[in-house]
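Taking it in order: structure first as structure tokens, then the write-up.
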Amino acid sequence: MTGVRRVGRRRPSPPLEGEDLNTTRWEDARHWMSIYADLLEFKRGILARVQRDIANLKPPAQKAAAADLEIIEAQMQGYQERLDLWYRRLWELQGLWLDPTGRMVRHQGREVALTKREFQLFQFLLDHPHRYFTTNQILGQAWADPALFPEEVRNYVRRLRKILADLGIPVDLVNKPGRGYSLVLRTD
Amino acid sequence: MSKVRSKIARPDIDAAQRGGDWSQRMNGEGQPADATLKQALYWRQIYSEILAMEEKVLARIRELMAAQSAEGRREVELTNVPVVVAQAERFRQRLGYWDARVLELRGETLQKP
């Protein structure tokens, strides 16, 4: 049985003052997740500003100012990784366990066996928290089978929503027009 | 909440310090002392524009900081602010060199504030 995990990740940024990933309080996890989400939003705002202004500069200045972009983007990647770490910690604290071998999902004592595609979809969305994926992205990245029909995604999303509800996992598998699907943690 | 306090490597802050090196020139930028008036005017214009941009970015950072949590604000003060301040200071300094060169070539002298 393994916890929620990801492969091929980048290096997270160093922890902020007071941040302790070993906390046993899920409220701490929620607290730090909100801080990293805010920091990412902040960086996106700055990045957008710099990208807009940089376009008006002459080439040598554009090159010099590009250093700012690199620093901001590297910081954003680091924050994104820390946010992901906190998501995984939150799932641990919530008692969510995934067994890739047996394709089992356990949450707070309840357990269910998933089909291969159900498990792959759930694992993929858990591995990329708070990000949205279109039907084609899910076909290509979660299942590595772009030849499947988009209707299959809708079908498996429906099945996965029922599984999440049956297990009482406090997330919603939402679908936003133009953005796609994402697992969103419930705030209540 | 337990507190963790440690000395942590911050490559982003190291980069900011490097960026603040006043002797660092842009691509194609020569020594002010060797420049013609046309070249000096060109580089003065470049540095004026990039400095104005950095100042706008700094203003935007301060504006967005107001909405941050205490922890978020500390992080921004530690990372973004020094990066932009160091860059802006470097551009201001180099603008000063080119200003001085333009005045020199025009046979004028720089007014002390």
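The values are calculated or read from the model by the stated rules, or taken from the named source; none is laboratory data. Only a predicted model underlies this, so the values are computations on that prediction, with no experimental measurement involved. We place every Cβ from the backbone using ideal geometry, glycine too, and count neighbours over all the protein chains shown.
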**Report entry** Candidate set: region B:69-82, residues that are in contact (Cβ under 8 Å) with a residue 60 or more places away in the chain and more than 8 Å from chain A (Cβ to nearest Cβ); chosen: the one surrounded by the most Cβ atoms within 10 Å (Cβ to Cβ)
**Finding:** B:PRO82
Query raised in the report: Within region A:139-153, is there a residue that is in contact (Cβ under 8 Å) with a residue 12 or more places away in the chain, in contact with a Ser or Thr (Cβ under 8 Å, 6 or more places away or on another chain) and surrounded by 14 or more Cβ atoms within 10 Å (Cβ to Cβ)?
Result: yes
Query - Single residue of A:GLY102, A:GLY45, A:GLY78 found to be assigned to a helix (DSSP H, G or I), among the small types (Gly, Ala, Ser) and surrounded by fewer than 16 Cβ atoms within 10 Å (Cβ to Cβ) - result: A:GLY45
Report task. Look at B:VAL85 and say whether it is at the interface with chain A (Cβ under 8 Å from one of its Cβ atoms) and either farther than 27 Å from A:ARG52 by Cα or assigned to a helix (DSSP H, G or I) (or both). Result -> no
Report summary line: Note on region B:25-63: residues within 19 Å of B:LEU103 (Cβ to Cβ), part of a helix (DSSP H, G or I) and at the interface with chain A (Cβ under 10 Å from one of its Cβ atoms) are B:TYR42, B:TRP43, B:GLN45, B:ILE46, B:TYR47, B:SER48, B:LEU51
Query raised in the report: In the set A:MET76, A:MET104, which member is modelled with pLDDT of 90 or more, under 26 Å from A:ILE35 (Cα atoms) and out of contact with any Pro (no Cβ under 9 Å at 6 or more places or on another chain)?
Result: A:MET76
Query raised in the report: When you look at B:ALA66, is it within 21 Å of B:LEU103 (Cα to Cα) and more than 8 Å from every other protein chain (Cβ to nearest Cβ), yes or no?
Result: no
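Tell me yes or no: at least one residue of region A:86-96 is facing chain B (nearest Cβ under 9 Å), closer than 24 Å to B:ARG73 by Cα, within 22 Å of the chain's Cα centre (by Cα) and touching a residue at least 60 places away in the same chain (Cβ under 8 Å). Spell out how you get there, then give the answer.
First pass over region A:86-96, keeping only residues facing chain B (nearest Cβ under 9 Å): none.
No, every residue in region A:86-96 fails to be facing chain B (nearest Cβ under 9 Å), closer than 24 Å to B:ARG73 by Cα, within 22 Å of the chain's Cα centre (by Cα) and touching a residue at least 60 places away in the same chain (Cβ under 8 Å).
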Report task. Any residue in region A:160-178 that's without any contact (Cβ under 8 Å) to a residue 40 or more places away in the chain: show its pairings with residues that are of a type in the set (S, T, N, Q) at Cβ separation under 7 Å, as long as the two are six or more apart or on different chains. Result -> A:VAL174/A:SER182
**Report entry** Every residue from region A:44-76 that is more than 8 Å from chain B (Cβ to nearest Cβ), small (Gly, Ala, Ser) and farther than 18 Å from B:VAL85 by Cα
**Finding:** A:ALA48, A:ALA55
Query raised in the report: Has region B:94-107 got any residue that is more than 10 Å from chain A (Cβ to nearest Cβ), within 12 Å of the chain's Cα centre (by Cα), within 30 Å of A:PRO15 (Cβ to Cβ) and in contact (Cβ under 8 Å) with a residue 40 or more places away in the chain?
Result: no
Query raised in the report: Say we look at region A:106-138 and pick out the residues that are crowded, with 17+ Cβ neighbours inside 10 Å and farther than 16 Å from A:LEU173 by Cα; which of these is nearest to the chain's Cα centre (by Cα)?
Result: A:HIS107
